[in-house]
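The structure under discussion appears below in the form of structure tokens.
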Amino acid sequence: MKWAWGGVGLGAAFALLPYVLQREDLLNLGILIFLSVALAQSWNIIGGYAGQVNLGHAAFFGAGALVTRSLWVAGVPLLVALAAGALVATAFGLVIGGPAFRLRGVYFSIGTLGLAEILRISVGNLLPEISTIPAASLAAYSLLPRYYLALGLAILSVVAVALLARSRLGLGMQAVREDEAAAEASGVGAFGHKLTALAISTSLAGLAGGVFAYYHVSYYPQHAFSPTWTFDALLITFIGGVGTIHGPVLGALFYVILKEYLAVRLVDVHLLIFGTLFILVVLLLPGGLVEAWARARRLVYRSG
Amino acid sequence: MSAPPISARWREGVDVILAQQLVLGLLVGGLYGLAAAGLSLTFGVLRVLNIAHGELLMLGGYGSFWLFTLWGVDPFLSLLGVGPALFVLGLVLFIVLFRFVVRAHEEIRIKNSLLIGFGLTLVFHTLAIRLWTADERSVTTAYAGAAAKIAGLTIPLSRLGGLILAFAILTALHLFLTRARWGRAIRATAEDWEAAALMGIPVERTYMLAFALGTSLAGIAGGLVSVAYSISPAIGLEWTLKALIVIVLAGLGSLFGSFAGGLLLGVAEAASVVVVGGAYREAVGLLLFLVILLTRPSGLFGGR
């Protein structure tokens, strides 16, 4: 419960931030954090709760970005464009998940890895030109609506995971994650639960991609399909605490802020640091920051 | 009345282009097979899927590149250094990371190996950019442009050398696995590690050997890639996917199956270049992979 109040406080603080400090760099940092929260939470649903290692999350983020951007630039209302992006991302998810989830183990992982690579290469070949907002919309470009849209998405993703974690559906997913055979024996259909988790996860990832496409003035369409997004999602989720509600939020704050700080000083060495940290977390501290915090507290209380 | 002869000559031209492409496809296919054999060995024996296999290949390529540019070592000769170096790197990776992964139960084992491999790709990729910059490199020997002309087809000699060497190495490995004591231990462990342990085979050391052999194969393949093609820090994922495609095509457990699968993939890609154009070369291979993955998950050639 304490975490829930902390989350509400954090959300309120971010909502009020633009009123206190009108600094563009802070707004941009905020948007990065919100997008990271949404992307990590979306991975958390399929990877953390349903236990299926998605190695091509960029495919769904990119699909959402591409569809939203194309429609929005063509004059379709933003919310409709976002919904369409989420829908297409989900469709890609089901195309992979449908057949892959009938099999066990690695097929889903390598299938998603392959899908992301196909989309990245094809989009790079088909749309090599940089995508820029038309001049008319550029004049009206303002950071604040992007900030609040991204904040809204981040809150939506956290609330979705919080509701899911306690629901019958979410418990079913966790049962499948822990032991598929036992879950099946207890009447929890593994296939349906995995596919539902994937649908929710990919639609959120598609929305995150859509907000990214709405936020950036110009970017190469291929960039939204870059493996970077998959790395970000995994690193944030695992460093924060996979399979928890607040882990990805802590992870996103930690990751984005530290990354911005390190990137200025060390160029790309931050990736080396985060990559190593990620491996260490998987190997030694599977609960991430959340578990580290709990352990530290226990240590303090015991000695105090 | 000159229309038919021109169209006939045109057809002949297309046939030559197709034949030339197929030859090149066959040549690169041998390297696909070599890359896949290493991955298949570790996957088949340890039941861990090392997604960083392509990054190890990339490191091997840079090893050859370094030996050539710093000391002028012939790239084919440098494999004698690169192979053992990557073998040692494999031992280190096993002792530091994968030793802990293989102790887990089958499903956790695969999941953790995927995650750790994914983290390693980030680490190696960043490291390679630091050490060698993001530029494309290749080893340009005195005989780099040499080619044999057979029946109007051009056969680059360094690529032919790569293909022959790939086949020779797989043959040697096959002999090792079937004749040598440790080779048999590897096969026994792959079949049933518990029974192997009961027969007095030191399972963990066998795992270590198989893993290091796999990374060594990746390194040698990388060395061959750097002579006949080019390397850059970004090629890792591409080669991992090639190896995975081949494994899906050929199934696990047979070195020559991997080799044949590699040749098949090379030829299929080459044919697709002629039919749909070079821009989709990667996408066609990957699409083939997804279709097979989703329809015939045990591989076209049967097997496990």
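Identify all residues within the range A:118-164 that are under 30 Å from B:Gly278 (Cβ atoms) and of a type in the set (A, V, I, L, M); write none if there are none.
Taking the range A:118-164 and keeping what is under 30 Å from B:Gly278 (Cβ atoms), we get A:118-132.
Correct list: A:Ile118, A:Leu119, A:Ile121, A:Val123, A:Leu126, A:Leu127, A:Ile130.
Please determine whether any residue of the range B:137-157 is closer than 30 Å to A:Leu55 by Cβ and in contact with a helix residue (DSSP H, G or I) (Cβ under 9 Å, 6 or more places away or on another chain).
Yes, that holds for at least one residue.
Okay, residues lined up against (1) within 15 Å of B:Ala228 (Cβ to Cβ); (2) surrounded by 13 or more Cβ atoms within 10 Å (Cβ to Cβ):
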site	(1), (2)
B:His105	no, no
B:Lys111	no, yes
B:Leu122	no, yes
B:Arg137	yes, yes
B:Ala148	yes, no
B:Ala151	no, no
B:Ala166	yes, yes
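Being under 19 Å from A:Ala224 (Cα atoms) and either modelled with pLDDT of 90 or more or surrounded by fewer than 17 Cβ atoms within 10 Å (Cβ to Cβ) (or both) is the requirement here; does A:Ala150 meet it?
yes
Tell me which residues, restricted to the range A:243-261, are in contact with a Leu (Cβ under 6 Å, 6 or more places away or on another chain) and among the β-branched types (Val, Ile, Thr).
The answer is A:Val256, and nothing else.
Looking at the range A:262-304, which of its residues are part of a helix (DSSP H, G or I), more than 13 Å from every other protein chain (Cβ to nearest Cβ), surrounded by fewer than 19 Cβ atoms within 10 Å (Cβ to Cβ) and within 21 Å of the chain's Cα centre (by Cα)?
Hit for the range A:262-304 is A:Glu291, nothing else.
Out of curiosity, is A:Ser157 in a helix (DSSP H, G or I), buried (at least 20 other Cβ atoms within 10 Å of the Cβ) and either of a type outside the set (Lys, Arg) or modelled with pLDDT of 95 or more (or both)?
So A:Ser157 passes the test.
Return the pair list, or none, for Cβ contacts closer than 8 Å from residues in the range A:20-34 that are in a helix (DSSP H, G or I) to residues that are acidic (Asp, Glu), at least 6 apart or on different chains.
A:Leu29/A:Glu260; A:Leu32/A:Glu260
Regarding A:Leu258, is this residue away from every other protein chain (no Cβ under 13 Å) and without any contact (Cβ under 8 Å) to a residue 60 or more places away in the chain? It would help to see each step written out before you state the result.
Working: away from every other protein chain (no Cβ under 13 Å): yes; without any contact (Cβ under 8 Å) to a residue 60 or more places away in the chain: yes.
For A:Leu258, the condition - away from every other protein chain (no Cβ under 13 Å) and without any contact (Cβ under 8 Å) to a residue 60 or more places away in the chain - is met.
List, please: which pairs have Cβ atoms under 6 Å, are six or more places apart or on different chains, and start with a residue in the range B:30-48 that is over 21 Å from B:Ser158 (Cα atoms) and end with one that is assigned to a loop (DSSP other than H, G, I, E, B)?
B:Ser40/B:Leu252; B:Thr42/B:Asn50; B:Phe43/B:Leu49; B:Gly44/B:Leu252; B:Gly44/B:Gly253; B:Leu46/B:Val102
Taking B:Thr215 as meeting all but one of (1) crowded, with 24+ Cβ neighbours inside 10 Å; (2) farther than 18 Å from B:Leu177 by Cβ, write down the number of the exception.
(2)
Please go through the range A:125-158 and give me each residue that is within 30 Å of A:Gly241 (Cβ to Cβ) and aliphatic (A, V, I, L, M), ordered by number.
Of everything in the range A:125-158, those that are within 30 Å of A:Gly241 (Cβ to Cβ) and aliphatic (A, V, I, L, M) turn out to be A:Leu149, A:Ala150, A:Leu151, A:Leu153, A:Ala154, A:Ile155, A:Leu156, A:Val158.
Only one residue in B:Leu59, B:Leu39 is crowded, with 24+ Cβ neighbours inside 10 Å, within 13 Å of chain A (Cβ to nearest Cβ) and part of a helix (DSSP H, G or I). Which one?
B:Leu39
What's the total number of residues in the range A:105-160 that are more than 9 Å from chain B (Cβ to nearest Cβ), under 19 Å from the mean Cα position of the chain (by Cα) and not hydrophobic (A, V, I, L, M, F, W, C)?
Qualifying residue count, the range A:105-160: 7.
Which of the helices (runs of 4 or more DSSP H) found entirely inside the range B:115-214 contain at least 3 residues meeting this: under 27 Å from B:Leu244 (Cβ atoms) and at pLDDT 90 or above?
B:157-179
If you scan the range B:168-212, which residues turn out to be of a type in the set (Phe, Trp, Tyr) and buried (at least 18 other Cβ atoms within 10 Å of the Cβ)? Step through it out loud before you land on a result.
Going residue by residue through the range B:168-212, those that are of a type in the set (Phe, Trp, Tyr) are B:176, B:182, B:193, B:207, B:211.
Residues satisfying the conditions are B:Trp193, B:Tyr207, B:Phe211.
Would you point out which residue out of A:Ala199, A:Ala213, A:Ala233 is away from chain B (no Cβ under 14 Å), under 16 Å from the mean Cα position of the chain (by Cα), closer than 29 Å to A:Ala91 by Cβ and surrounded by 23 or more Cβ atoms within 10 Å (Cβ to Cβ)?
Working: A:Ala199 fails: surrounded by 23 or more Cβ atoms within 10 Å (Cβ to Cβ); A:Ala233 fails: away from chain B (no Cβ under 14 Å).
Answer to the selection: A:Ala213.
The values are calculated or read from the model by the stated rules, or taken from the named source; none is laboratory data. Everything numeric in this text was worked out from a predicted model, so none of it was measured. A quick note on method: Cβ atoms are made from the backbone with ideal geometry, for glycine too, and the neighbour counts reach across all protein chains shown.
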